[in-house]
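This report concerns only the one structure given below.
The values are calculated or read from the model by the stated rules, or taken from the named source; none is laboratory data. What you see is a predicted model, and the numbers here were worked out from it, not measured in a lab. Using ideal geometry, Cβ is built from the backbone for each residue, glycine included, and neighbour counts are taken over all protein chains shown. Ligands, DNA and RNA are stripped out before the accessible areas are found, and what is left, the full protein with its side chains, is counted by its heavy atoms. Shrake-Rupley method; radii C 1.70, N 1.55, O 1.52, S 1.80 Å.
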Amino acid sequence: MLRIEGLTAEVDGKPILKGIDLEVPAGEVHAIMGPNGSGKSTLSYVLAGREGYEVTGGSATLDGVDLLGMEPEERAAAGVFLAFQYPVELPGVGNANFLRTALNAIRRGKGEAELDAMQFLKQARARLKELQMSEDMLKRGVNVGFSGGEKKRNEVLQMALLRPSLAILDETDSGLDIDALKIVADGVNALRAPDFSALVITHYQRLLDYIVPDKVHVLMQGRIVQTGGPELAKQLEASGYASVQAAA
Amino acid sequence: MNTVVHSGAEGFLHRFEGLRARLPGQRLAWVQALREAAAAQFRAAGFPTRRVEAWKYTDLRPVSDAAFDEALTILGDGDTLPAPRGERRAVFVDGRFREELSQIEGAGFAVGSLAEELPRLEGRLGALARPAEEPLVALNTMLFEDGLVVTVPAGVAGGVLELRSLASRSERPSAFHPRHLIRLEAGASLTIVEEASGPEDTRYLHNPVFEIDLAEGAVLTHARIQREGVKGFQLGTVYARIESGATYDNFTLNAGARLVRNEIHAVLAGPKSACHMNGAQLLRGGQHADTTTVLDHAAPDCASRQTYKTVLQGKSRGVFQGKIHVHQVAQRTDGYQMNQALLLSPDAEIDSKPQLEIYADDVKCSHGATVGALDADQLFYLRARGIPEAKARSILVEAFLQEAIEGVTDETARAALESAVAGWWEKEAA
């Protein structure tokens with residue numbers, strides 16, 4: 001379970017998160033919606049441990065373990081996975097090599113045996129097939145020359161391989177056509193299990209037609225101002241964020 | 001017995017006076033004339049100082065202030081040669097050919113020691129080298145004792161030849177000045193994998209000069225791995241003349257030495273010839289590495305590619321100077337030059353000086369230079385996937401170098417370079 005209490009954070013001295021309280025029980029998928037500039041991406045970066053995002057107060061724990069004191073790689077080993085809004089291109093780094101290095105780093109962190117090249121390839125091929133991705137993807141540089149949709153699918157492929165206990169999807173739907181959106185949603189839904197939880201950050205309700213959340217939270221100006229069921233997303237789609245603001 | 005130890009140019013001139021009668025070729029008038037002329041040039045020029053434009057960024061005082069003895073040519077106890085990379089190799093210890101360590105039989109082409117071949121090298125030795133312009137080449141000409149002589153006959157595919165240079169352990173700094181002559185006749189091909197190393201606790205100077213001539217359609221791959229000992233100096237000069245349709249493919253990895261200068265003078269002398277000069281410099285501590293290239297496009301329809309990458313740690317210093325001279329006759333020249341540096345420490349420094357002189361009007365010639373640190377976004381992406389910071393950094397540095405190394409098409413050469421880079425990293429991580 002992810003538990004966030006009174007979390008405040010700033011970027012370049014400017015307060016962005018102004019007291020977030022949030023619980024995502026194991027096995028649940030929660031959505032965070034909100035207008036641009038509300039702090040959605042900041043929340044995801046703070047949880048993943050990006051430099052430059054300074055926590056000024058509060059706490060965040062995953063299954064009782066404090067996340068905020070850890071290095072990014074330690075958080076990943078503890079089960080946190082951030083699917084990036086803008087996946088980074090790594091020219092000169094082969095995707096297969098990258099995926100295997102990451103997978104083995106996580107396995108090492110969990111005390112599991114590392115996979116050799118053949119064992120890895122077998123796993124990777126199975127996940128590629130599920131995500132309807134070409135094996136060529138393994139041979140290319142990480143995200144180099146990938147279309148927007150391919151980059152997002154590569155994020156989901158990584159998630160499927162690394163099997164996190166908490167996935168944070170930061171606007172994974174942006175730049176996806178409807179077919180790619182379904183594939184990505186299927187990839188997330190396939191991971192649903194009693195020991196898996198997800199935080200789906202999105203601006204639009206569309207993704208939530210395919211990944212149906214247990215709860216929807218509305219983030220505005222650094223605070224969660226409303227929480228409801230999946231119907232809240234549809235309500236926002238119909239009446240916009242201004243109505244929430246008025247209500248809050 | 002003279003026990004006065006002279007340093008600098010004077011020391012070498014003094015040594016020439018003492019050795020003159022014993023140097024190879026002392027009975028050949030043409031060799032004598034070459035040496036005497038070179039001695040006069042070196043006496044006049046001395047070691048270049050930073051006041052000389054071509055040496056603005058490299059201070060040779062650590063070399064010129066030192067006194068060097070004649071090499072004693074003794075391999076230290078426990079020095080063993082690693083397994084050969086190909087079927088044939090020529091081994092030089094302190095600049096002298098060592099037949100008992102070499103394997104050059106059945107090469108299918110002529111390969112041997114310059115000291116032995118000297119009587120048959122009139123007109124060839126010194127045909128490309130320019131001691132009047134380059135004082136270190138004058139020094140080499142004055143004092144060379146041996147070297148490799150290779151002649152691949154027309155149409156022969158020579159395969160892989162390893163050129164191994166070792167420096168022996170010594171209490172007194174030694175200096176050696178091998179002269180290597182490589183000739184590929186029309187349509188011949190050869191891959192030379194050259195590796196120079198030495199003990200970590202010995203100060204020495206390795207001052208090699210290559211004269212390489214490639215006849216029509218010949219292809220030479222020249223992979224150079226420089227991992228001299230940390231107290232060693234390497235001041236090397238390569239001259240290459242590339243005739244029509246021929247290709248010279250040079251890759252130089254600088255991963256050792258206290259101070260290294262890798263100077264290449266290449267002339268695209270015939271139409272449709274090509275020259276690739278790529279390299280990587282991996283520097284740490286107080287190392288100084290200087291790559292200086294001078295490329296003459298002296299014929300039409302030629303192509304040249306240069307990609308140099310430098311990774312700097314500690315207080316190391318890197319230099320890249322690249323001059324491309326496109327002669328008036330060299331229409332439809334296709335030239336490209338890129339040098340990039342990755343600064344991993346705030347105390348490291350890179351100096352970069354590209355220089356294009358273009359006298360033809362139908363020319364495609366581009367160059368660029370970048371200097372930067374590791375990309376924070378890339379680093380975070382790797383770490384967010386569970387990859388520890390040190391490993392993430394090494395992945396990004398290797399990726400940075402990859403672009404230069406992947407241009408090496410010969411598999412033996414590329415594998416040798418990749419393992420040398422990996423070896424550098426292992427040392428770095430230790």
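Condition first: farther than 21 Å from A:LYS40 by Cα and either among the charged types (D, E, K, R) or surrounded by 15 or more Cβ atoms within 10 Å (Cβ to Cβ) (or both). Now tell me which residues in region A:167-189 satisfy that.
A:ASP177, A:ASP179, A:ALA180, A:LYS182, A:ILE183, A:ASP186, A:GLY187
Taking the conditions exactly as written (open to solvent by 20 Å² or more (accessible area, probe 1.4 Å), farther than 15 Å from B:ARG383 by Cα and touching a residue at least 60 places away in the same chain (Cβ under 8 Å)), does A:GLU130 satisfy them or not?
Considered against the rule, which asks whether it is open to solvent by 20 Å² or more (accessible area, probe 1.4 Å), farther than 15 Å from B:ARG383 by Cα and touching a residue at least 60 places away in the same chain (Cβ under 8 Å), A:GLU130 comes out as yes.
Among the listed residues B:VAL137, B:VAL150, B:VAL156, which satisfies the condition of being open to solvent by less than 10 Å² (accessible area, probe 1.4 Å), at pLDDT 95 or above and farther than 21 Å from B:ARG98 by Cβ?
The unique qualifying residue is B:VAL137.
If the requirement is being facing chain B (nearest Cβ under 10 Å) and either surrounded by 15 or more Cβ atoms within 10 Å (Cβ to Cβ) or in contact with a strand residue (DSSP E or B) (Cβ under 9 Å, 6 or more places away or on another chain) (or both), which of these qualifies: A:GLU73, A:GLU28?
A:GLU73
Given the criteria open to solvent by 40 Å² or more (accessible area, probe 1.4 Å) and more than 10 Å from every other protein chain (Cβ to nearest Cβ), does A:GLY57 qualify?
The answer is no for A:GLY57.
Among the listed residues B:GLU426, B:GLU357, which satisfies the condition of being closer than 21 Å to B:SER197 by Cβ and surrounded by fewer than 19 Cβ atoms within 10 Å (Cβ to Cβ)?
B:GLU426
Could you go through region A:76-89 and let me know if any residue there is more than 14 Å from chain B (Cβ to nearest Cβ), within 13 Å of the chain's Cα centre (by Cα), in a strand (DSSP E or B) and within 20 Å of A:PRO194 (Cα to Cα).
Checked region A:76-89: no residue is more than 14 Å from chain B (Cβ to nearest Cβ), within 13 Å of the chain's Cα centre (by Cα), in a strand (DSSP E or B) and within 20 Å of A:PRO194 (Cα to Cα).
Can you name every residue in region A:197-207 that is buried (at least 23 other Cβ atoms within 10 Å of the Cβ) and in contact with a Pro (Cβ under 9 Å, 6 or more places away or on another chain)?
A:SER197, A:ALA198, A:VAL200
Taking into account only those residues within region B:309-332 that are open to solvent by 10 Å² or more (accessible area, probe 1.4 Å) and either without any contact (Cβ under 8 Å) to a residue 12 or more places away in the chain or of a type outside the set (Lys, Arg) (or both), which is nearest to B:VAL260 (Cα to Cα)?
B:GLN321
Testing B:GLU216 on (1) over 25 Å from B:VAL63 (Cβ atoms); (2) open to solvent by 10 Å² or more (accessible area, probe 1.4 Å); (3) touching a strand residue (DSSP E or B) at 6+ places or on another chain (Cβ under 9 Å), one condition comes back false. Which one is that?
Result: B:GLU216 fails condition (3) only.
Any idea which residue in region B:362-405 is nearest to the other protein chains (Cβ to nearest Cβ), counting only those that are of a type in the set (Ser, Thr, Tyr) and surrounded by 16 or more Cβ atoms within 10 Å (Cβ to Cβ)?
Ranking the qualifying residues of region B:362-405, first place goes to B:TYR381.
Quick one: which residue in A:LEU47, A:LEU22, A:LEU99 is under 25 Å from A:TYR210 (Cβ atoms), in a helix (DSSP H, G or I), touching a residue at least 60 places away in the same chain (Cβ under 8 Å) and more than 9 Å from every other protein chain (Cβ to nearest Cβ)?
From the options A:LEU47, A:LEU22, A:LEU99, the qualifying one is A:LEU47.
Could you tell me how many of the residues in region A:25-44 are in a loop (DSSP other than H, G, I, E, B) and under 14 Å from A:GLY222 (Cα atoms)?
Going through region A:25-44 one residue at a time, the tally reaches 6.
Could you pull out every one of the strands (runs of 3 or more DSSP E) wholly within region B:79-184 that has 2 or more residues that are farther than 22 Å from B:ALA223 by Cα?
Those strands (runs of 3 or more DSSP E) span B:174-176.
Residue by residue, here is whether (1) more than 21 Å from B:GLY158 (Cα to Cα); (2) open to solvent by 10 Å² or more (accessible area, probe 1.4 Å); (3) assigned to a strand (DSSP E or B); (4) in the same structural domain as B:VAL160 (by TED's automatic domain parsing) holds:
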{"position": "B:ALA196", "(1), (2), (3), (4)": "yes, no, yes, yes"}
{"position": "B:ASP201", "(1), (2), (3), (4)": "yes, yes, no, yes"}
{"position": "B:PHE210", "(1), (2), (3), (4)": "no, no, yes, yes"}
{"position": "B:GLY229", "(1), (2), (3), (4)": "yes, no, no, yes"}
{"position": "B:THR237", "(1), (2), (3), (4)": "yes, no, yes, yes"}
{"position": "B:ARG241", "(1), (2), (3), (4)": "no, yes, yes, yes"}
{"position": "B:SER244", "(1), (2), (3), (4)": "no, yes, no, yes"}
{"position": "B:ASN250", "(1), (2), (3), (4)": "no, no, yes, yes"}
{"position": "B:HIS276", "(1), (2), (3), (4)": "no, yes, yes, no"}
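Residues A:LEU162, A:LEU131, A:LEU157, A:LEU208: which one is under 17 Å from A:GLN85 (Cβ atoms), of a type outside the set (Ser, Thr, Tyr) and touching a Leu at 6+ places or on another chain (Cβ under 7 Å)?
When all the criteria are applied, what remains is A:LEU157.
Only one of (1) open to solvent by 10 Å² or more (accessible area, probe 1.4 Å); (2) in a strand (DSSP E or B) fails for B:GLY335. Which number is that?
The one condition B:GLY335 does not meet is (1).
Kindly provide the set of residues from region B:338-352 that are surrounded by fewer than 17 Cβ atoms within 10 Å (Cβ to Cβ) and either at pLDDT below 95 or not in a strand (DSSP E or B) (or both), ordered by number.
B:SER345, B:PRO346, B:ASP347
Looking at region A:60-70 only, could you name the residues that are charged (D, E, K, R) and either in contact (Cβ under 8 Å) with a residue 24 or more places away in the chain or within 8 Å of another protein chain (Cβ to nearest Cβ) (or both)?
Scanning region A:60-70 gives a single hit, A:ASP63.
Check B:LEU417 against each of (1) within 14 Å of chain A (Cβ to nearest Cβ); (2) surrounded by 21 or more Cβ atoms within 10 Å (Cβ to Cβ); (3) touching a Phe, Trp or Tyr at 6+ places or on another chain (Cβ under 7 Å) and name the one condition it does not meet.
(1)
Matching residues to (1) modelled with pLDDT of 90 or more; (2) assigned to a loop (DSSP other than H, G, I, E, B):
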{"position": "A:VAL144", "(1), (2)": "yes, yes"}
{"position": "A:LYS151", "(1), (2)": "yes, no"}
{"position": "A:GLU155", "(1), (2)": "yes, no"}
{"position": "A:LEU169", "(1), (2)": "yes, no"}
{"position": "A:ASP173", "(1), (2)": "no, yes"}
{"position": "A:LEU181", "(1), (2)": "no, no"}
{"position": "A:GLY187", "(1), (2)": "no, no"}
{"position": "A:ALA190", "(1), (2)": "yes, no"}
{"position": "A:PRO194", "(1), (2)": "yes, yes"}
